[in-house]
Amino acid sequence: MTEPALNPIEIYPQIFVYKNMFKDITKTHSELKNSSGHEDELLNEWTKWSDFGEYLNPTFKDHPHGFSTEYLQQIETKTDKQEVQKLALLELFNNFYAVTKDYAIKNNIDLDQDKEITNHYGEQVKEWNRSGPSIARYRTDIVDPIAMTYHSDYIRQPIVSPGYKFVITALVYFNDDYDGGEIDFIVDGEAYKYKPEAGDFLVFPSGHPDILTKNGSVYIHGVMPARKTSKYLSRMYWMKYSLGDDEWFEKEKEFGKDVWESMQPDIMQKFRDEHPNKINADKERRIK
């Protein structure tokens, strides 16, 4: 059976917007907005999400993080509300796989979900791994001019560790009835700001230094505050396994694997202090 063709809008190089992917995004937004983690629901209760707002962590209560589509399909629902919430998440999953497959093809990424590689320790691991969904809502009383400073979803490290690294970011926006809330991209000396619309599936580079760059420059993005009403969104990603730098394993040998691992929080904090996120785009050439 031939899959329907997708026609995304490339709003900027390698930043794609897929529209009209959902049957009724307003209904899904309403379901999220009115969810409370009650016993007749699958959705978890809303809990604090850093300083940004609240999120569902994990998305479904009494179910693990990172479950598969197959796992989700097998969840037995006991109420109409649970069935509605299950179907909404299934639609989110199916659309994620559809748009990211299309995005990978159009950007020459070999996103082979079945491929395995051998890591440094001789273990067979999947080359690609999905992360998410993480469903969140921003608070409306953020007073700073930027709600989330410019960053890459790829986690920068002074020495690259083995493990999964963010490559493709896919965001879904469930509503647009707020003021502000734009996402602003910076790459290669340019800046591009986009105001999402309800139902948008926005797919873009996560900021991996070796994949989906522009003239060798990584993509970073910041988020403007949403006013009047909360902005609801879902975050999902494709991550690719990194074998890690040789220096990482030299340090493991020097300190011992467990000790080296225990040193990482302090090392990473020092690295973040010395390489802080950008707080504005005033030095970039504004495209939009």
Of those in the stretch 217-269 that are of a type in the set (G, A, S) and in contact (Cβ under 8 Å) with a residue 12 or more places away in the chain, the residue surrounded by the most Cβ atoms within 10 Å (Cβ to Cβ) is A226
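Please note which strands (runs of 3 or more DSSP E) are completely contained in the stretch 1-54 and include at least 2 residues that are over 23 Å from S230 (Cβ atoms) and under 18 Å from the mean Cα position of the chain (by Cα). Give the derivation first.
Numbers: elements: 9-12, 15-18, 46-49.
The strands (runs of 3 or more DSSP E) meeting that bar are 15-18.
Quick check on this structure: which one of T28, T59 is modelled with pLDDT under 95 and crowded, with 18+ Cβ neighbours inside 10 Å? Don't jump to the end; show me each part of the working.
Values: T28 fails: modelled with pLDDT under 95.
Testing whether each residue is modelled with pLDDT under 95 and crowded, with 18+ Cβ neighbours inside 10 Å leaves just T59.
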Taking the stretch 144-155 and keeping residues of a type in the set (D, E, K, R) and crowded, with 16+ Cβ neighbours inside 10 Å leaves D153
Given the conditions (1) within 30 Å of Y12 (Cα to Cα); (2) touching a helix residue (DSSP H, G or I) at 6+ places or on another chain (Cβ under 9 Å); (3) not in a strand (DSSP E or B), every one holds for A98 apart from (2)
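Can you name the residue in the stretch 1-19 that is surrounded by fewer than 13 Cβ atoms within 10 Å (Cβ to Cβ) and modelled with pLDDT under 95 and is also farthest from S217 (Cα to Cα) among such residues?
Here is the first cut: in the stretch 1-19, the residues surrounded by fewer than 13 Cβ atoms within 10 Å (Cβ to Cβ) are 1-5, 7, 9-10.
Cutting the leftovers down to modelled with pLDDT under 95 gives us 1-5, 7.
Details: M1: 39, T2: 36, E3: 34, P4: 33, A5: 31, N7: 26 Å.
Going through the qualifying residues, I end up with M1.
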Within the stretch 219-267, residues part of a helix (DSSP H, G or I) and hydrophobic (A, V, I, L, M, F, W, C) come out as W248, F249, F255, V259, W260, I267
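Each row is one residue, and each column tells you yes or no for (1) at pLDDT below 95; (2) crowded, with 16+ Cβ neighbours inside 10 Å.
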site	(1), (2)
Q124	no, no
W128	no, yes
G132	yes, yes
R137	no, yes
D141	no, no
P158	no, no
P162	no, yes
Sole miss for A104 among (1) more than 27 Å from P209 (Cα to Cα); (2) surrounded by 16 or more Cβ atoms within 10 Å (Cβ to Cβ) is condition (1)
Pairing a residue in the stretch 128-142 that is within 29 Å of L111 (Cα to Cα) and assigned to a strand (DSSP E or B) with any residue that is modelled with pLDDT of 95 or more and of a type in the set (G, A, S), where Cβ atoms lie under 9 Å and the two sit 6 or more apart in sequence or on different chains, gives G132/A170; G132/S234; P133/S234; S134/S234; I135/S234; A136/G53; A136/S234
Taking the stretch 235-279 and keeping only residues that are at pLDDT below 95 and among the aliphatic types (A, V, I, L, M), one is left with I279
Counting only residues that are in contact (Cβ under 8 Å) with a residue 12 or more places away in the chain and among the acidic types (D, E), the stretch 270-288 contains a total of 1
Taking the stretch 32-48 and the residues there that are in contact with a strand residue (DSSP E or B) (Cβ under 8 Å, 6 or more places away or on another chain), buried (at least 17 other Cβ atoms within 10 Å of the Cβ) and in contact (Cβ under 8 Å) with a residue 24 or more places away in the chain, the one that is nearest to K106 (Cα to Cα) would be L32
Checked the stretch 11-31 for anything without any contact (Cβ under 8 Å) to a residue 12 or more places away in the chain and more than 17 Å from A88 (Cα to Cα); matches are none
The lone condition P276 fails out of (1) surrounded by 12 or more Cβ atoms within 10 Å (Cβ to Cβ); (2) within 30 Å of D188 (Cα to Cα) is (1)
Among residues of the stretch 66-124 being within 17 Å of the chain's Cα centre (by Cα) and among the polar types (S, T, N, Q), the residue nearest to N20 (Cα to Cα) is N95
Scanning the stretch 67-101 for residues that are of a type outside the set (A, V, I, L, M, F, W, C), surrounded by 12 or more Cβ atoms within 10 Å (Cβ to Cβ) and under 30 Å from L212 (Cα atoms) gives T69, E91, N94, N95, Y97, T100, K101
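The values are calculated or read from the model by the stated rules, or taken from the named source; none is laboratory data. Being a predicted model, the structure only gives us computed values, none of them experimental. Methodologically, a virtual Cβ is constructed for each residue, glycine included, from the backbone with ideal geometry; neighbour enumeration extends over all protein chains shown.
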